[in-house]
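*Asks:* Got a structure here, written out as structure tokens. Questions coming.
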Amino acid sequence: MRLIKIGLTGGIASGKSTVASRWRTSGAVVIDTDELAHQTLARGTSTYAAIVKTFGKDILNADQTINRRVLGEIVFADEQKRLALNQIVHPQVAKIWQESLARLERGGQTEVAVAMIPLLYEVGVEAEFDCVVAVGCSEQTQRARLTANGFSEAQARARMQAQWPVQKKVDRADFVVWNDGSREVLDQQADIIWATIKESHHAPNKN
């Protein structure tokens, strides 16, 4: 049984995690690259050392862990610093999720793996997947969700501008979930796409 590899992407606060959770309950193994990125900030890792060297000790908490909020304020206010952080973190995160997919493929114990990668198109890894699903919503909805989570308007805008526009991702994706409505509508879209992907990859004309 060949592993079906789905790349899940979309704008910030669009609902990617909700779609991933829905598919997890349907049997998918979900790899969350945001979680992997957080792991690369742990003390003792090469990425931790590189980040502290690049951004200084002012980003550290009293216990010497990296204060993600402080680091976020720095990098989302300065494009060059954000790119510098990405150059440290992204290669390590990519290595981890690629190894995870290879391990799942060798193990043959799961039918579908979903890699949730917010910057999937920005880092150019779409060819690694059988298909890409983009989760989108309006900019107004994005801003509302971000400010409800404690970000200021300026902070929300900076985080949105650090990614491709949602429409650009939606235009390139194989499947789209549009999440401006209710949770029920989101679930319905996710279920239809899930069934479609599984059926298409099990069709007789597929390898």
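The values are calculated or read from the model by the stated rules, or taken from the named source; none is laboratory data. In this text, all values refer to a predicted model and were calculated from it rather than measured experimentally. Reconstructed Cβ throughout: ideal geometry from the backbone, glycine too, with neighbour counts over all protein chains shown.
*Asks:* Go through the stretch 3-15 and count every residue that is out of contact with any Asp or Glu (no Cβ under 9 Å at 6 or more places or on another chain), of a type outside the set (Gly, Ala, Ser) and either crowded, with 21+ Cβ neighbours inside 10 Å or in a strand (DSSP E or B) (or both).
*Replies:* Selection size over the stretch 3-15: 1.
*Asks:* Can you pull out the residues in the stretch 191-207 that are farther than 20 Å from residue 167 by Cβ and at pLDDT 95 or above?
*Replies:* 191, 192, 194, 195, 196, 197
*Asks:* In contact (Cβ under 8 Å) with a residue 24 or more places away in the chain and either exposed (fewer than 12 other Cβ atoms within 10 Å of the Cβ) or within 20 Å of the chain's Cα centre (by Cα) (or both), is that true of residue 55?
*Replies:* no
*Asks:* Kindly provide the set of residues from the stretch 61-93 that are closer than 13 Å to residue 39 by Cβ and touching a residue at least 60 places away in the same chain (Cβ under 8 Å), ordered by number.
*Replies:* Selection gives 93 alone.
*Asks:* Please specify each residue of the stretch 25-49 satisfying the condition of being free of Cβ contacts under 8 Å to residues at least 60 places away in the same chain and in a helix (DSSP H, G or I).
*Replies:* 25, 35, 37, 38, 39, 46, 47, 48, 49
*Asks:* The conditions are (1) under 30 Å from residue 2 (Cβ atoms); (2) surrounded by 14 or more Cβ atoms within 10 Å (Cβ to Cβ); (3) touching a residue at least 60 places away in the same chain (Cβ under 8 Å), and residue 123 fails exactly one of them. Which is it?
*Replies:* (3)
*Asks:* Moving to a separate point now. Provide a single number: the residues in the stretch 172-201 that are in contact (Cβ under 8 Å) with a residue 24 or more places away in the chain and loosely packed, with under 13 Cβ neighbours inside 10 Å.
*Replies:* 1
*Asks:* To continue, here is another question. Filter the stretch 1-53 for residues that are over 27 Å from residue 106 (Cα atoms) and in contact with a Lys or Arg (Cβ under 8 Å, 6 or more places away or on another chain) and give the result.
*Replies:* 10, 11, 12, 13, 18, 41
*Asks:* Now, a different point. With the requirement that a residue be among the hydroxyl-bearing types (Ser, Thr, Tyr) and surrounded by 13 or more Cβ atoms within 10 Å (Cβ to Cβ), what does the stretch 27-52 give you?
*Replies:* Residues satisfying the conditions are 33, 40, 45, 47, 48.
*Asks:* Return yes when residue 146 is farther than 20 Å from residue 7 by Cβ, crowded, with 18+ Cβ neighbours inside 10 Å and out of contact with any Leu (no Cβ under 7 Å at 6 or more places or on another chain) and no when it is not.
*Replies:* So residue 146 fits the description; yes.
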